[in-house]
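Here is the structure we will look at, set down as structure tokens.
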Amino acid sequence: MLVCEFCIHYTAEQSCNLGIKIPKSMTCRDFGPTLEKFCSDPNDFVDPKQILQMATYFGIKGPELKKIKAMAATAASNRVPAVPVEPSPS
């Protein structure tokens, strides 16, 4: 597992759009996390704690974890709450 796999700069060709050498550790100063890399379906996102738990499970820590925490908080605040659909009177 690479930290790059959760980064917006990581391409399908397994390279970095910024031209940075892929790190062997779970650190990168230009790490840019994106929610889509953690949840392929946006409806799977429940709350920021879920994303932080996933990140720590994969061994992400330090400044990268802080960036993930900020990204998850932003995603939670931008999320439109689901409105329950009331059954129509029959």
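Here, each number is a calculation from the coordinates, and none is a lab measurement. These numbers come from a predicted model, not from an experiment. When we count neighbours, we look across all protein chains shown, and the Cβ atoms used for this are built from the backbone with ideal geometry, even at glycine.
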Proximal lysine pairs, the range 3-78, alpha carbons under 16 Å, eight or more residues apart or interchain: 9
Crossing angle, helix 48-57 versus the chain [Cα axis fit, 0-90 degrees, rounded to tens]: 40 degrees
For peptides 54-62, 2-10, sequence by mean Cβ density within 10 Å, most packed first: 2-10, 54-62
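List the relative contact order of the chain as a percent without decimals, with contacts defined as Cα pairs under 8 Å and 6+ residues apart.
It comes to 26 percent, rounded to a whole number.
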Between 0 and 90°, nearest 10: helix 63-78 axis offset from the chain longest Cα axis: 20 degrees
Sequence of Asp47, Asp41, Asp30 once ranked by neighbouring C-beta atoms within 10 Å, starting from the fewest: Asp41, Asp30, Asp47
